[in-house]
Amino acid sequence: MNANRIFIGVLIGLAVVIAVVALVLLDTTGKKGSGLGKEYLYDVKDLAKIDPNLILYEESAQSLSTGFTDSHGIALDSQGSIYIAGDRAIRIFAQSGNLLDEIELTDAPRCLTVADDDKIYIGITNHVEVYGQQGKRLASWDSLGERAVLTSIAVSKSDVLVADAGNRIVLRYDITGRLINRIGAKDKERNIPGFVIPSPYFDLAVSRDGLLRVVNPGLRRIEAYTFDGDLEFWWGKFSSAVEGFCGCCNPVNFAILENESFVTCEKGLIRVKIYDPEGAFVCVVAGPEQLIEGGASRVSEFGAGSQTGGFDVAVDAQGRIFILDTINNVVRIFTKVKAGQ
Amino acid sequence: MMRFDNIIIGMALSLILCGVTIGAERFPPPDFVETDHVIPSPTVPGPRQDIYEYIDAVVLLAALGLSSYLVLRRRSRRAIFVLMVFSLLYFGFWRKGCVCSVGAVQNIVLSIFDRDYTVPITVAVFFLLPLVFALFFGRVFCAAVCPLGAIQDLVLLRPISVPNWLESGLRLFAYVYLAAAVLFAATGSAFVICRYDPFVAFFRLSGNLNILIIGACLLVISVFIGRPYCRFICPYGVLLRQLSRLSKWRVTITPDECIQCRLCEDSCPFGAIKKPTTDWPTTEYSRSKKRLAILILLLPVLMFLCGWASSGLKTVTSRMHATVRLAERIYLEDTGKVEGTTDASLAFRATGKEQKELYADASNIRAEFKLGGWFFGGFVGLVIGLKLIAVSVWRKRTDYEAGRAGCLACGRCFQYCPKEHERLKKIKEARAKY
């Protein structure tokens, strides 16, 4: 009988102690986190660490302040002048950083390119405007509709290629602004998957092989199209590792070097990397440690909602890489200092 | 006028938010062209239809009425048990323990102190109906309607008695809990009764692990000690106890007259049966009289001391409020006393709101806790004082009685009374006759 009472007493005492401990340890404000192990964490900081041996570039000049509060695109002309699209203007800088000229616009530009004849093609929300070097507007093409979000322009000899992220299509115009054809619409018969664009980043460029290169960011790859819209090949793979593209939609922007290698920019996990013409990973130009103040620890603060925080990139004939930091609105110039393996 | 201003500000904020929403929609969502996946249209689950809330109120009213009938007229433990199981299934597992009368206390308090908060009619009904029934019929809500009581009652298999001194001491916690719940609800800090509801995780078959552990521990204790939550913790039980003291009709152990057989003496697992008392010993009488006089004089002092102590704890108690916690965090971050940020501090900084404004808000809330602490402590002091006074008051009792406040009207004691057996026999005979 006594043993029974002792057993009940101990049991009740134990239950009271456990309940009190559970109550004390109860996290009502969530400050202790989920309590899950490290294997469940999406730790971007770890991913942001890059082997220093892979970084073959260094910043070679003082960064250039654009003076914009919201910059979007960068382009170089044949003389090496730097064109920046931001706020409601285009600013043209010498490589020394001196402001050469400014073209005021009626609306915010998202992208631009400078043709060999020095005409400036600017994507302003849903239409293209063409300017001369003196800042005179030469043409304003028809609007592509409310849904259009123009994010990239490239000019070849007689064609202007425009990336419309809103409509998920590439538009091919002649230089007078006449629409010739549309490229990249989903077409099973032509084996075209269509562009998957979760955020307003959709870049293109024309390579020296005469093919159009277009980022398909949702598929984390760069696709090669003929100007007639045939998909020839693609490269790029999804991976959180440095060799691949990660997140919902990367790369956000790219440029093509003289040797036809690709310089890619990724958002979220902000990295600028080099791939050879076949798409094999070559090296890193700069990672979060080099590109973000505070380094890897601040990676996750940027690009809220995946809608912002994409850097743009341009290259010159000497292989220097001009990165438009859209967070600080500065241009940073990187030069190769080490030979790759 | 103030209301009108609030409406204007609200409309302006809504318009700004609409602007943000339109801005966010500027870029169309992905269309997943490569997989033919169609993005489903976002659907917002509608609120529970009003009709069900009224049904809940009607079920509550019916359950309380039936419980009163079963406890006072039918005097059937079996029927009370069946109703209790129904209530557990309906209000507990089916309605997921919400709305519950216990937590409704906080809604009522908040509506008193926050004029922008309106109590839903169902919540008001859930709060008031059991109190009204307690005023007329005793704690019939606890008997067979409250799911929290029911789940404990079901596992009561090996009841042991709790000494009176311990019972009385532990019961104090319920008063403190009630006062704390009122303080936190009045300041808009938290609904602690809901937050620490030990059984809601069982009803919902999901919940915080710690709460599940606390609930499981309470159920283990409930195997031996009858309804520990109801007796020692339930803040709503405090209100029911006081109203039940005034009840017009209440549970009686015997249907007729007490024959002092003592068979019912140990029948109540909740220690609610009061034994007959002897006359007050003369020596004890004078000593108690002095003690009573001293205690009555000391009561205001005790209330003041408890109020002063509680008010002084405002720095600690006010941390229950999210704004105070955020202000403290921002201060620590700004002065470099902590590293890193929290989601809340990041979100605050993203609003662009000034720290001064936040500190002013936190300071106001702390002042509310200072004032509230006086009431909280004063109430606790009053309860302690009255409990001490009650010890010095001799209540004469000639029969075995179900305690007016403590009786949960479970009906267990009925079958221990020989008079009850006589009554049932008579009923049986009468039925056989007709």
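A short reminder: the numbers here are calculations on the coordinates, not readings from a lab. The structure presented is a predicted model; accordingly, all values stated were derived computationally and were not measured. When we count neighbours, we look across all protein chains shown, and the Cβ atoms used for this are built from the backbone with ideal geometry, even at glycine.
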Cα-Cα pairs in chain A separated by more than 25 Å, as a whole percent of all pairs, come to 54 percent
Plugging the Cβ-Cβ distance of B:Val301 and A:Thr176 into 1/(1 + (r/R0)^6) at R0 = 56 Å yields, to the nearest 0.05, a FRET efficiency of 0.05
Between B:Thr277 and A:Ser63, the two model label points (7 Å from Cα along the beta-carbon direction) sit apart by a distance in nm of 8.2 nm
For the protein assembly as shown (alpha-carbon point model, no solvent) the Debye-based log₁₀ I(q)/I(0) at q = 0.11 Å⁻¹ works out to -1.16
Links exceeding 29 Å between C-alpha atoms in this model, out of A:Lys31/B:Lys314; A:Lys267/B:Lys337; A:Lys49/B:Lys353, come to A:Lys267/B:Lys337; A:Lys49/B:Lys353
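Can you divide the C-alpha Rg of chain B by 2.2 N^0.38 Å and report the result to two decimal places? Walk me through the intermediate numbers first.
On the way: Rg = 26.9 Å, N = 434, 2.2 N^0.38 = 22.1 Å.
Chain B yields a ratio of 1.22.
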If the label point sits 7 Å along Cα→Cβ of B:Leu332, residues of segment A:3-38 with amide N under 14 Å come out as A:29-33
With no solvent term and unit scatterers on the alpha-carbon positions of segment B:80-175, Debye gives log₁₀ I(q)/I(0) at q = 0.16, 0.22 Å⁻¹ of -0.84, -1.20
Between B:Asn364 and A:Cys248, the FRET efficiency computed from the C-beta separation at R0 = 56 Å comes out, to the nearest 0.05, as 0.85
Of the convex hull enclosing the alpha-carbon atoms of segment B:287-387, the direction-averaged projected area in nm² is 7.9 nm²
With bins of 10 Å, the percent of all Cα-Cα pairs of segment B:52-252 per bin from 0 is 9, 34, 41, 14, 1
Rounded to 0.05, the calculated FRET efficiency for the beta carbons of B:Phe173 and B:Lys356 at R₀ = 41 Å is 0.55
